Amino acid sequence: MAVYMEDISAADMTSTEDREFFISLGERITALRKARNLTQAQLAEALGVSQQSVQAYEVGRRRMPVSSLPAVARVLDVSLEELFGEKIQTRGKRGPASRLEQQFEAVSQLPKTQQRFVTQMLDTVLAQSAQ
């Protein structure tokens, strides 16, 4: 199911704030897509839109339909909060994150292939320490 939207000019946006939101959203989508080694064409196929639509979303030239945001988050393997740029507090304790927590956060931002490599290394070290 392909969804095509007409380009939206700055005058069609309800405010400068809306335009800035969609530009910022597009930048986050671009960064998340690239971090997962996805092309615009691959993301477009997963969403059922054209590559040109994805390109327009990423630069903020088109508004992304709200109904498609859950699918975008799913494809990019993030929560809607993360897609919107919200920081998620996952730790229950106060204070600075431990070095290990910071490293896990950094690993979670790596492309999937590099994440698998780190996971394999951890599995190997843990298996050796269990012996």
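Throughout, read-outs are computed from the coordinates displayed, never taken from laboratory work. Keep in mind it's a predicted model, so treat the numbers as computed, not measured. Methodologically, a virtual Cβ is constructed for each residue, glycine included, from the backbone with ideal geometry; neighbour enumeration extends over all protein chains shown.
Of the peptides 100-106, 47-53, 57-63, the ranking by mean beta-carbon count within 10 Å, highest at the top, reads 57-63, 47-53, 100-106. Potential lengthening of the chain between Thr39 and Glu81 amounts to 12.9 nm, from the contour at 0.36 nm per residue minus the alpha-carbon distance. Placing pseudo-labels 7 Å out from each Cα toward the beta carbon at Ser98 and Ser129 gives an inter-label distance of 1.0 nm. Any idea what log10 I(q)/I(0) is at q = 0.12, 0.15, 0.18, 0.23 Å⁻¹ for the stretch 16-83, Debye with uniform C-alpha scatterers and no solvent? Result of the Debye calculation: -0.25, -0.39, -0.58, -0.98. Were the residues from Ser15 through Gln52 laid out at 0.36 nm apart, the gain over their Cα-Cα distance would be 10.9 nm. Along its first, second and third principal axes, ordered by size, the stretch 26-131 spans 54, 31, 19 Å in Cα coordinates.
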